[in-house]
Amino acid sequence: VGLSCGVLNGVLIGLVRVPPMLATIGTIMLYSGIGMAITGGRGVVGFPEVFMVIGNARFLGIPNPLLIMFAVFVAVSLALEHTVWGRSVYLVGSNYVAALFSGIRVIRTIVLTYLLGGLMCGISAIVLISRVNSARVGYGDTYLLQAILVSVMGGISPQGGVGQIFGVLTSILIL
């Protein structure tokens, strides 16, 4: 589901050229409405005990959610710094027109980037659901402003093209 939502955002932003902030906030409302229609506004509870291990267990004394976060940070950092896609993300974010003239497949880069963002949202949702043994529309809403704060404080430009994963990690640790 996270991948599908990410692809929709990527298509709206890359192909339809809807401004990213507008597309993201608009689709958040769409996804909340779909979730509300599916659940009737009620929480979903009673997940299997084995599922609860994801968000509540520890490995060598370190909580699983922290290990998952570090693994995702390392993977994304390596992808951004050592792949063609990563360099393309920075160029598309900093100068869309220059990226087009450089031969970068801009739409593909944008859709793939939002697809990966959707995947990370899905992973986050699984961790959160497994921590509290329930799912409800709006659980993640309280984290929206914090996510923006952490990103900007970590050096990520809202206009795109600037930022490093290490800055975001540092910002999280500071907060």
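Quick notes on this one:
- The largest accessible area among Arg42, Arg131 belongs to the first residue in Arg42, Arg131, and the rest follow in falling order (1.4 Å probe, all chains).
- Working from the Cα coordinates of the range 26-86, the gyration tensor eigenvalues give, after taking √(5λ), semi-axes of 30, 24, 7 Å in decreasing order.
- The percentage of C-alpha pairs in the range 1-46 whose separation is greater than 18 Å is 37%.
- For the chain, the solvent-accessible area of protein heavy atoms averages 63 Å² per residue (probe radius 1.4 Å; ligands and nucleic acids excluded).
- Accessible-area value, Leu15, 1.4 Å probe, nucleic acids and ligands omitted, Å²: 110
- Helical segments meeting 24 Å axial Cα length and Kyte-Doolittle -0.5 threshold in the chain (DSSP H): 20-39, 64-82, 106-132
- With 0.36 nm allotted per residue and the present C-alpha distance subtracted, the Ser77-Asn95 stretch has 4.4 nm of extension available.
- In plain terms, the chain from Arg87 to Met29 could stretch by 17.7 nm, reckoned as 0.36 nm per residue minus the Cα-Cα distance.
- Net length gained if the chain between Val45 and Leu144 were fully extended (0.36 nm per residue, minus Cα distance): 33.3 nm
- Near Gly35, once Lys and Arg are set to +1 and Asp and Glu to -1 for all other residues with Cβ below 12 Å from its Cβ, the sum equals +1.
- The mean sequence distance of close C-alpha pairs (under 8 Å, at least 6 residues apart), as a share of the length of the chain, puts its relative contact order at 34 percent.
- Remark: accessible surface ordering of Thr113, Thr27 (largest first) is Thr113, Thr27, probe radius 1.4 Å.
The values are calculated or read from the model by the stated rules, or taken from the named source; none is laboratory data. These numbers were taken from a predicted model, which means no experiment stands behind them. Note that each Cβ is placed from the backbone with ideal geometry, even for glycine, and that neighbours are counted across all protein chains shown. Note: areas computed on protein heavy atoms with side chains; ligands, DNA, RNA excluded. Shrake-Rupley method; radii C 1.70, N 1.55, O 1.52, S 1.80 Å.
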